[in-house]
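Undergrad: Take this structure, written in structure tokens, and hold onto it; I'll ask about it next.
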Amino acid sequence: MTWTRFSQQPRASELLYHSLLNNRLAHAYLFAGPKGAGKKQMALHLAKSLFCPEREADACGACVTCRRIEGGGTTPMCCLLHRMGLLSKSTRFVRCKKKWPCER
Ligand SMILES: [Zn+2]
């Protein structure tokens with residue numbers, strides 16, 4: 001699975017891909033559109049692309065991290081918060097990092 005998969009949303013997928021590639025993601029994104037437009041899949045792909053250790057600015061869809069995010073149960077949000085500088089030295093981050101080591 002790659003960003004090219006979203007052929008019905010080429011502008012949005014290109015924007016997100018280049019934002020990831022240039023490390024210039026916004027603090028939030030709103031995925032809006034009609035039912036079936038691929039909002040959830042694109043949001044999940046963005047999350048996987050942030051954490052996937054196999055590809056740069058994209059997701060393999062097969063590694064443990066991608067499958068974990070796809071499953072929805074144990075998204076390593078602590079890694080994202082750490083990268084944003086919000087959990088850098090707290091005990092909460094230390095506990096979280098033990099449970100879900102940041103892979104990138
Ligand atoms: Zn992956």
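Undergrad: List the number of the failed condition for residue 17; all other conditions in (1) among the aromatic types (Phe, Trp, Tyr); (2) modelled with pLDDT of 90 or more; (3) outside any helix (DSSP H, G or I) hold.
TA: In the conditions (1) among the aromatic types (Phe, Trp, Tyr); (2) modelled with pLDDT of 90 or more; (3) outside any helix (DSSP H, G or I), residue 17 misses (3) alone.
Undergrad: Same structure, new question: Within 13 Å of the ligand (Cβ to nearest atom), out of contact with any Leu (no Cβ under 9 Å at 6 or more places or on another chain) and outside any loop (DSSP other than H, G, I, E, B) - does that describe any residue in the stretch 36-47?
TA: Yes, because at least one residue in the stretch 36-47 is within 13 Å of the ligand (Cβ to nearest atom), out of contact with any Leu (no Cβ under 9 Å at 6 or more places or on another chain) and outside any loop (DSSP other than H, G, I, E, B).
Undergrad: Provide a single number: the residues in the stretch 1-46 that are small (Gly, Ala, Ser) and on the phi > 0 side of the Ramachandran plot.
TA: Count: 3.
Undergrad: Would a scan of the stretch 62-72 turn up a residue that is assigned to a loop (DSSP other than H, G, I, E, B), more than 11 Å from the ligand (Cβ to nearest atom) and at pLDDT below 85?
TA: Yes, the stretch 62-72 contains at least one residue that is assigned to a loop (DSSP other than H, G, I, E, B), more than 11 Å from the ligand (Cβ to nearest atom) and at pLDDT below 85.
Undergrad: So which residues in the stretch 32-53 are closer than 17 Å to residue 14 by Cβ, in contact with a helix residue (DSSP H, G or I) (Cβ under 9 Å, 6 or more places away or on another chain) and surrounded by fewer than 16 Cβ atoms within 10 Å (Cβ to Cβ), if there are any at all?
TA: Passing the criteria: 33, 41.
The values are calculated or read from the model by the stated rules, or taken from the named source; none is laboratory data. All figures in this text were calculated on a predicted structure; none of them were measured in a lab. A quick note on method: Cβ atoms are made from the backbone with ideal geometry, for glycine too, and the neighbour counts reach across all protein chains shown.
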